[in-house]
1. Answer with yes or no whether His51 is in contact with an Asp or Glu (Cβ under 8 Å, 6 or more places away or on another chain) and either closer than 30 Å to Asn22 by Cβ or free of Cβ contacts under 8 Å to residues at least 60 places away in the same chain (or both).
2. Answer with yes or no whether Val89 is under 18 Å from the mean Cα position of the chain (by Cα), surrounded by fewer than 21 Cβ atoms within 10 Å (Cβ to Cβ) and either of a type outside the set (D, E, K, R) or not in a helix (DSSP H, G or I) (or both).
3. Scan the stretch 98-105 and give yes if some residue there is modelled with pLDDT under 95 and open to solvent by less than 40 Å² (accessible area, probe 1.4 Å), otherwise no.
4. Quick check on my filter: what residues within the stretch 146-159 are open to solvent by 30 Å² or more (accessible area, probe 1.4 Å), in contact (Cβ under 8 Å) with a residue 24 or more places away in the chain and part of a helix (DSSP H, G or I)?
5. Just the residues that are open to solvent by 40 Å² or more (accessible area, probe 1.4 Å) and either of a type in the set (Gly, Ala, Ser) or free of Cβ contacts under 8 Å to residues at least 12 places away in the same chain (or both), please, taken from the stretch 114-133.
6. Which helices (runs of 4 or more DSSP H) sit wholly inside the stretch 162-240 and have at least 3 residues that are more than 20 Å from Gln128 (Cβ to Cβ)?
7. Considering only residues that are of a type in the set (D, E, K, R) and either closer than 13 Å to Thr145 by Cα or without any contact (Cβ under 8 Å) to a residue 60 or more places away in the chain (or both), which ones fall in the stretch 202-217?
8. All but one of (1) touching a helix residue (DSSP H, G or I) at 6+ places or on another chain (Cβ under 9 Å); (2) surrounded by 14 or more Cβ atoms within 10 Å (Cβ to Cβ); (3) within 15 Å of Tyr131 (Cα to Cα) hold for Leu249; which doesn't?
Amino acid sequence: EKRPFPFRRVMDSSTHAALLANLSGRECLVYKCVADPNFEGWLENNKTIGHTAINLVGRASSEGKYEGPTISEAMNIVEAKEDVHFGCVCIAERHTLEAAQQRGKTYPTEHVNMVRKIKAGAKWFISQAVYDAEPTIRLLKDYATLCKQKCIIPSKVVLTFAPVSRKKTMTFIKWLGVRVPIETEELILSAEKPIEKSIEYLCDVLREILSECAGVGVPLGISCESVSIFKSEIDGVHELFRRLQTIMLDSSGTPWKVQWVEVMPPAGKIGDDGDDEGALVALDPSEKVRTLLLGIMVGTATVSLGVILGGKGKRA
């Protein structure tokens, strides 16, 4: 099937992550496709830059000649490095009875793949975008059961959510392999405000997953992303994360709070020196960007840490 959006070549993930890390003072999780003939060279350069957390992914398409290590080989390479940790993706769409039948199996095996990757050293898993709760619930329960049978502590699973506001993005989501029920697609795209309906729906999806998987023993986190450069979808990511982190923290069953730290004075004001109250701040443009990004990243990191770790005591 033809790609809905044209492919855009972007800078290397390690280089881009270094910019964010330097501006924010926070470490970044770096995604890396293992289908790279220079994978080991990239890994050495990545370590030199200072990144210690890598999420290993396979290539997006099976077309063309494959170059580079397999996922298993890449895991072994990274595991042999000191002070570098890795995680992998988990795909709930593989964990359906339909998918199992297509592969000639009687039952889906994505949970088996996850345990195999834990044994290889995977410290976490990140799902692709979730639009159907049922496969994710099945995967988390089977993953938890298998870990108990093998006497293995489950690695954290970070659930990914991506809001959609238009038909083209919905088509792209499905092209990426995300399972979107027909009634869900119609519900969102026929709404007066599709982005708001998408956010509401995804909040309900997370509530259902948390309700069905309460007590299974798998530590959970959330991640929100936009898969397009469409403004309403990018803006929707921030609102979606705000709502999902509240749902996630409320599910922990213990009191919580999010503490925001102001890292710059209000726009146009200076605040440290009492003698200069009300004076305008004259910042170099690059310094404005640096300060703004630091504020965003510090605030987001504080919330993300609470979301990802907030329920750990109950689910771990």
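1. Numbers: in contact with an Asp or Glu (Cβ under 8 Å, 6 or more places away or on another chain): yes; either closer than 30 Å to Asn22 by Cβ or free of Cβ contacts under 8 Å to residues at least 60 places away in the same chain (or both): yes.
In short, yes.
2. Details: under 18 Å from the mean Cα position of the chain (by Cα): yes; surrounded by fewer than 21 Cβ atoms within 10 Å (Cβ to Cβ): yes; either of a type outside the set (D, E, K, R) or not in a helix (DSSP H, G or I) (or both): yes.
Yes; evaluated as a whole, the condition is true for this residue.
3. At the first step, the residues of the stretch 98-105 found to be modelled with pLDDT under 95 are 98-105.
Then drop every residue that is not open to solvent by less than 40 Å² (accessible area, probe 1.4 Å), which leaves 99-100.
Checking the stretch 98-105: at least one residue is modelled with pLDDT under 95 and open to solvent by less than 40 Å² (accessible area, probe 1.4 Å).
4. Correct list: Lys148 only.
5. Residue satisfying the conditions is Arg116 alone.
6. Numbers: elements: 167-175, 182-189, 194-213.
The helices (runs of 4 or more DSSP H) meeting that bar are 182-189, 194-213.
7. Narrowing the stretch 202-217 to residues of a type in the set (D, E, K, R): 204, 207-208, 212.
Residues satisfying the conditions are Asp204, Arg207.
8. All conditions pass for Leu249, except number (3).
The values are calculated or read from the model by the stated rules, or taken from the named source; none is laboratory data. What you see is a predicted model; the values in this text were computed from it and never measured. In this analysis, Cβ positions are derived from the backbone assuming ideal geometry, glycine residues included, and neighbour counts consider all displayed protein chains. When the accessible area is computed, the model is the full protein with side chains, heavy atoms only, and any ligands, DNA or RNA have been set aside. Shrake-Rupley method; radii C 1.70, N 1.55, O 1.52, S 1.80 Å.
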